[in-house]
Every structure is written in structure tokens, then in C-alpha cells.
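Colleague: The structure is given below, and queries will be raised subsequently.
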Amino acid sequence: MGTDWKVIALVTAVIAAVAALLVPLPLSLRALGPTAAFNAGHFVLFAGILALSWWVLGRSTLAAFLFTTALNGFSEMGQTLSQSRSANLPDFFRGLLGTLAAVAVLWAWRAPRDRMRMLGCAVLALGFSTWPAAEVMPHLIHACRRFLENF
């Protein structure tokens, strides 16, 4: 019975991911242009899908990694079929980095847990997060400054 809910949760997440990546954006969002927040969404989306698929696929890190990476690749290729979306390699790499960061966190969580393993995995996860965070950070700083000016 528990497996049924796990499968439903994974299928729902996959459908939501495909919809988010393949459905044309509304005109109001398209007018914003390609922003860093949308790009960083690939990182967060595929990190979350890896965590969910790891739980559903019997806590197999390799199976979850392969599934998530394949979904990332197929969704990027599927964007070539959309009129308003376009596939690009940097988006694929953002999703891959999110997947790898989630794998590092899962490896740190697995037994045996010692300080060196956890430290190494934390450094890996932070390293994988650097590029997406560096893209988003200037926009977040600008938004905070604007907010504080109007506050």
C-alpha cells in the first residue's frame, strides 16, 4: 500500500516537472526574459526529483541518479518541440548539478557516517551549488536593495 503512494508521488512530480519545462510560459513571464531565477529552477527541480525518486526506487542512489538525469535530458530535448521554449546545454547542466548536489547529500546521510565523509560530501554539494548560486545572487541582492529602499 505504501508503494502505491510513493509511485503516485513520483509520477505527480514528473508530470509537474515536464509541465514546468515544456508548457509555454505566459506572456507576462516571457516579457521578463530569461532570468537567473528561472535558470536556477532547474537546479532545485532536479535535486527534488532525485530525492523523491531515491525514496520511491528503494533508496538506490544510482537508480535515482540515472532516472533523474534521463528525465533532465529528455525534458530539455522536449523543449525543442515547444514554440516558446528552447533547449540549451546550460539548463541541462544546471539540472545535472542539482542532481549531483542531492547525491552528495544522500551519500553524507548514508552509513557509515563519519566526519570526513560528511565534510567531503558537504564540500561537494556546495561545489555543485556554486554556479547556480552565483547566477542568482546578484539578482537577489538587487531585489533586496530595491525592497529596502521602498521599505
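The values are calculated or read from the model by the stated rules, or taken from the named source; none is laboratory data. As the structure is a computational prediction, the values presented were derived from the model and not from experiment. We place every Cβ from the backbone using ideal geometry, glycine too, and count neighbours over all the protein chains shown. Keep in mind that these areas ignore ligands, DNA and RNA; they rest on the heavy atoms of the full protein, side chains included. Shrake-Rupley method; radii C 1.70, N 1.55, O 1.52, S 1.80 Å.
Results for (1) among the hydrophobic types (A, V, I, L, M, F, W, C); (2) out of contact with any Phe, Trp or Tyr (no Cβ under 7 Å at 6 or more places or on another chain); (3) modelled with pLDDT of 70 or more, shown as yes or no for each residue.
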{"residue": "27", "(1), (2), (3)": "yes, yes, no"}
{"residue": "33", "(1), (2), (3)": "no, yes, no"}
{"residue": "37", "(1), (2), (3)": "yes, yes, no"}
{"residue": "46", "(1), (2), (3)": "yes, yes, yes"}
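Colleague: Of the numbered conditions (1) open to solvent by 40 Å² or more (accessible area, probe 1.4 Å); (2) within 29 Å of residue 22 (Cα to Cα); (3) part of a helix (DSSP H, G or I), residue 86 satisfies every one except a single condition; which is it?
Modeller: Only one criterion is unmet by residue 86, namely (3).
Colleague: Can I ask one more? Please state which of the following conditions residue 53 fails to meet, knowing it meets all the rest: (1) in contact (Cβ under 8 Å) with a residue 24 or more places away in the chain; (2) surrounded by fewer than 18 Cβ atoms within 10 Å (Cβ to Cβ).
Modeller: (2)
Colleague: Could you please find all residues in region 71-83 being open to solvent by less than 90 Å² (accessible area, probe 1.4 Å) and in contact (Cβ under 8 Å) with a residue 24 or more places away in the chain?
Modeller: Scanning region 71-83 gives 71, 72, 75, 76, 78, 79, 82.
Colleague: Condition first: modelled with pLDDT under 90, open to solvent by 30 Å² or more (accessible area, probe 1.4 Å), within 27 Å of residue 139 (Cα to Cα) and not in a helix (DSSP H, G or I). Can you find one or more residues in region 12-24 that meet it?
Modeller: Initially, region 12-24 is screened for residues modelled with pLDDT under 90, giving 12-24.
From the residues that got through so far, the ones that are open to solvent by 30 Å² or more (accessible area, probe 1.4 Å) too are 12, 14-16, 18-20, 22-24.
Add one more test, that the residue is within 27 Å of residue 139 (Cα to Cα), and what stays is 16, 18-20, 22-24.
Applying the additional criterion that residues be not in a helix (DSSP H, G or I) yields 23-24.
Yes; the residues of region 12-24 include at least one that is modelled with pLDDT under 90, open to solvent by 30 Å² or more (accessible area, probe 1.4 Å), within 27 Å of residue 139 (Cα to Cα) and not in a helix (DSSP H, G or I).
Colleague: Just to verify a result, which residue in region 60-70, among those that are in a helix (DSSP H, G or I) and open to solvent by 20 Å² or more (accessible area, probe 1.4 Å), is farthest from residue 14 (Cα to Cα)?
Modeller: Only one residue tops the list, namely 62.
Colleague: Looking only at residues that are at pLDDT below 90 and open to solvent by 50 Å² or more (accessible area, probe 1.4 Å) in region 89-111, which one is farthest from the chain's Cα centre (by Cα)?
Modeller: Only one residue tops the list, namely 111.
Colleague: For the structure I just gave you, tell me whether residue 117 is open to solvent by less than 90 Å² (accessible area, probe 1.4 Å), of a type in the set (D, E, K, R), without any contact (Cβ under 8 Å) to a residue 40 or more places away in the chain and in a helix (DSSP H, G or I).
Modeller: For residue 117, the condition - open to solvent by less than 90 Å² (accessible area, probe 1.4 Å), of a type in the set (D, E, K, R), without any contact (Cβ under 8 Å) to a residue 40 or more places away in the chain and in a helix (DSSP H, G or I) - is met.
Colleague: Something else now. When you scan region 120-151, how many residues do you find that are of a type in the set (Phe, Trp, Tyr) and surrounded by 10 or more Cβ atoms within 10 Å (Cβ to Cβ)?
Modeller: Number satisfying all stated conditions: 2.
Colleague: Across region 120-151, what is the number of residues that are assigned to a helix (DSSP H, G or I), over 23 Å from residue 38 (Cα atoms) and not aliphatic (A, V, I, L, M)?
Modeller: 4
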